[in-house]
Number of protein chains: 2
Amino acid sequence: MTERQYLVGVDIGGTKIEAVLLDSSHAVVASHRVPARRGGDNVVADVVGLVREVAGERLGDVARVGMGTPGRVDSATGRIANVVNLDIDTLDLGPLVSERLGGVPVHVDNDVNAAAVGAARVLCGDDTAGTVVFLNFGTGLAAGVLVDGVLQHGYSGAAGEVGHVPVDPNRFDCPCGQQGCLETVCSGASVARLWPTADGRPPMPDLIGKARSGDADARRVLAMVTHAIGDTLQIVAQSVDPRLIIIGGGMAKTGAPLLEVILDELHGRETSCPFLKGLELGARLRLVPADAPLGAIGAAYAA
Amino acid sequence: MTERQYLVGVDIGGTKIEAVLLDSSHAVVASHRVPARRGGDNVVADVVGLVREVAGERLGDVARVGMGTPGRVDSATGRIANVVNLDIDTLDLGPLVSERLGGVPVHVDNDVNAAAVGAARVLCGDDTAGTVVFLNFGTGLAAGVLVDGVLQHGYSGAAGEVGHVPVDPNRFDCPCGQQGCLETVCSGASVARLWPTADGRPPMPDLIGKARSGDADARRVLAMVTHAIGDTLQIVAQSVDPRLIIIGGGMAKTGAPLLEVILDELHGRETSCPFLKGLELGARLRLVPADAPLGAIGAAYAA
């Protein structure tokens, strides 16, 4: 009997579900995605189908299946709750998927946590020593803090919850009940609200393009957004002081122009402050690679 | 030949130098302090004298001497620099003390770091598991982050430098070159500037007392200070999420009234935000014990 040597990772999102198969050297040897369907029964069926699809004949050699999902996650039991985008109130996702796959061990984690693990692995390989922070500029804003490759949850599960530090000078109301939370200005959803675009075009590239062409409104909004990003970066750098800060989430799809406006913001701050300049934050920034299945890869590692 | 089983810790301050002797169970078995004298030669002589004083006949059984000092510290070489309060430009403190004590191994560390280690030891004993943050409200504001009892310096030595996160709404100029650094409002020196007192009385107890008796100016200034403390606590809690946050530094000598106004600030913030309330930050706050020689104890442990 041979050792089970494959890992499967599944990233469950509001619009798609994606799976990867990793071999014993942790290379991605197969991947597949399907549109997400709402409802717990559909999610379980789609996840099981995807695992069978990417594993194929090697299904019997799969050691573990990891899943990353939005909503509240209890990793100890595999139960998820409050996944609004998928119409899930509560679902015993882990046990149901394991049962349908003949008892293979499964692990369920938060989707941002899984993306953080995946991004660090893809960017750093096996060189996981030290502290790496993944900043998820998605619908909200949250950080995943990894120490020596291991995700830190903190004493109360609040490690990395920088999106709800209420220090932004615009003092916008946040659904959390505070005012001025950083995510009211520099999350993907906030940029979409501050800079609405026609026909579903992503707002951040449009905002940066218009600001560069001299549009005064765009410059004003972009300055608000990059200021909040700058505060977020200083908070991360001057608390946990990581060797790398990885910019991820939907907003990262903006690509190089996003990195450029962040570096401009940092440069402006550094001009007046030798202490900040000495931290060399710009050299520690990385953008996640476009279109890599980071969430699925991270879910496999987290398993 | 018996094992050398004693540790000596020395806390070098701008007004006094204090030493403790720890036995093999890490109990303080002797302590002594002298007024600080300026100049490198005096500092070396005073440290050596204090070590001889606390060790007495057990000097030959001292395994290591640790020192905590202000200024810039190179722990690898034992050299210190820019200790303005003691008129020291550069001084090979570690090698000189070691030589005068017959070659006993010495270790030199930053005074805030030493106080952080000492405070965590005194408050937690040997139960050092998890993350503990020491907030030093001294001349400046900085945090010491301990993980499993070990001080974290971070990638660039900036771990815990929350005093220079520039998010305070008063936007005061900071000597570091930024505006709105948290330490421009909630450090000991800042409170002394915002609320000057006659005849050298400490400003924070006076400020709290006047605010409680209804003085409008005192209420306004106290609100600024506790707001900055609240932001500092949220930054710490929502980045590293420690199990304990220890309030130290000169401002901590205010005692229970300081803890009360901080809890009031947190309570106000929690009223509108279930997320923040769920973090139960108030239950994680501790004040350093009054007059315990934390810096000297921490220096001994750090050695």
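Ranked from shortest, the separations from the 7 Å Cα-to-Cβ label point of B:Ala45 to its equivalents in the other copies are 8.9 nm. Normalised Debye scattering of the range B:61-200 at q = 0.11, 0.14, 0.19 Å⁻¹ gives log10 I(q)/I(0) of -0.52, -0.81, -1.21, counting only Cα atoms as equal scatterers and leaving out solvent. Proximity of backbone amide H atoms, modeled 1.01 Å from N, is registered between A:His107 and A:Val65, A:Gly66, A:Met67 at under 5 Å, excluding neighbours fewer than 5 places apart on the same chain. Note on the protein assembly as shown: Cα-only Rg and Dmax are 26.8, 84 Å. Here the relative contact order of chain B, from alpha carbon pairs under 8 Å that lie six or more residues apart, stands at 21 percent.
Given N residues in the range B:168-303, what is Rg(Cα) / (2.2 N^0.38 Å)?
Working: Rg = 15.7 Å, N = 136, 2.2 N^0.38 = 14.2 Å.
Normalised Cα radius of gyration, the range B:168-303: 1.10.
The mean number of partner chain beta-carbon atoms within 10 angstrom of a residue's beta-carbon across peptide A:274-285 is 3.
Please give the calculated 222 nm ellipticity per residue for the protein assembly as shown, where each DSSP H segment of at least 4 residues contributes -39500 (n - 2.57) and the sum is spread over every residue; nearest 500 deg cm²/dmol? Here the helix-only value at 222 nm equals -11500 deg cm²/dmol. Per residue of B:229-238, other chain Cβ atoms within 10 Å of the residue Cβ number 5 on average. Take the Cα coordinates of chain A, assign each an equal point scatterer, and use the Debye formula without solvent to give log10 I(q)/I(0) at q = 0.15 Å⁻¹. After summing over all Cα pairs, the log10 values are -1.18. Listed by chain and number, the aspartates and glutamates placed with their C-alpha closer than 20 angstrom to that of A:Lys210 are A:Asp199, A:Glu260, A:Asp264, A:Glu265; residues fewer than eight positions away on the same chain are left out. About the Cα centre of the range A:118-259, what is the dipole size in debye to 20, counting +1 per Lys and Arg Cβ and -1 per Asp and Glu Cβ, all else neutral? Magnitude of the dipole: close to 380 debye.
Projecting the Cα atoms of A:Pro205, A:Val43, B:Val133 onto the charge dipole of the protein assembly as shown (Cβ charges, centred on the Cα centre) puts A:Pro205 farthest toward the positive pole.
Give, rounded to the nearest 20 debye, the magnitude of the charge dipole that chain A has about its Cα centre when Lys and Arg contribute +1 at Cβ and Asp and Glu contribute -1 at Cβ.
Numbers: 25 positive and 35 negative charges, 77 e Å.
Around 360 debye, computed over chain A.
When chain B is described by a simple charge dipole with +1 on each Lys and Arg Cβ and -1 on each Asp and Glu Cβ, the residue from B:Gly149, B:Ala283, B:Val65 located farthest towards its positive end is B:Ala283. Averaging over all projection directions, the Cα-based convex hull of the range B:6-104 occupies 5.6 nm² in the image plane.
Every read-out reported here was derived from the displayed coordinates using simple, explicitly stated rules and does not represent laboratory data. As the structure is a computational prediction, the values presented were derived from the model and not from experiment. Every residue, glycine among them, receives a Cβ derived from its backbone with ideal geometry; neighbour counts consider all protein chains shown.
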